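Remarks on the structure that follows.
Derivation of every value follows stated rules applied to the coordinates shown; laboratory data play no part. Note that this is a predicted model, so its numbers are computed, not measured. Backbone-built Cβ (ideal geometry, glycine too); neighbour counts: all protein chains shown.
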């Protein structure tokens, strides 16, 4: 049975050490793409791997995760702005709350984008139906614990004004 997803969902990439991140579901994109920086190709035991850093938390570019995944291809990809760029393609495991599967994913700099990851048609096909009006239809992942609104921003310290009694003038 196919799962139902909204236009954004929590996605896990366990092989990369990423429990969950917010991803945009993009039926206009053929392949999935992940924000990646400092990409290096390394060889181990006769296999080629892409080693890179990613920042799985939106707006926290300092929270970097070092990842490594099998390199399967190098492809020219046309982005949403019509620009063609050469991207590394990795093979990794993807997990939605109740769905788990292997997929290919391109690596690209998405630091200026609202989402660190796009889930394209290659991952959606024959697995999901997309409800473009819904969000997080797969639910919150079990490892995500909501932060109370009161704890999101530190409270401003209250200014306490002390009234000092006027001293009497002594003659």
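Some points to look at:
- DSSP-defined beta bridges in region 20-127 - what % are antiparallel, rounded to 5: 85 percent
- Sorted ascending by nearby beta carbons within 10 Å, beginning with the fewest, 121, 97 become 121, 97.
- Compared with the alpha-carbon gap, the fully stretched path from residue 93 to residue 58 is longer by 10.5 nm at 0.36 nm per residue.
- Going from the fewest other Cβ atoms within 10 Å to the most, the residues 91, 38 appear in the order 38, 91.
- Measuring between their Cα centroids, region 1-37 and region 39-105 lie 12 Å from each other.
- The slack between residue 113 and residue 65, meaning 0.36 nm per residue of separation minus the straight C-alpha distance, is 15.5 nm.
- Contour excess over end-to-end distance, with Cα ends at residue 135 and residue 75 and 0.36 nm allotted per residue: 18.5 nm
- Ranked by how many other Cβ atoms sit within 10 Å of their own Cβ, fewest first, the residues 4, 64, 118 fall in the order 4, 64, 118.
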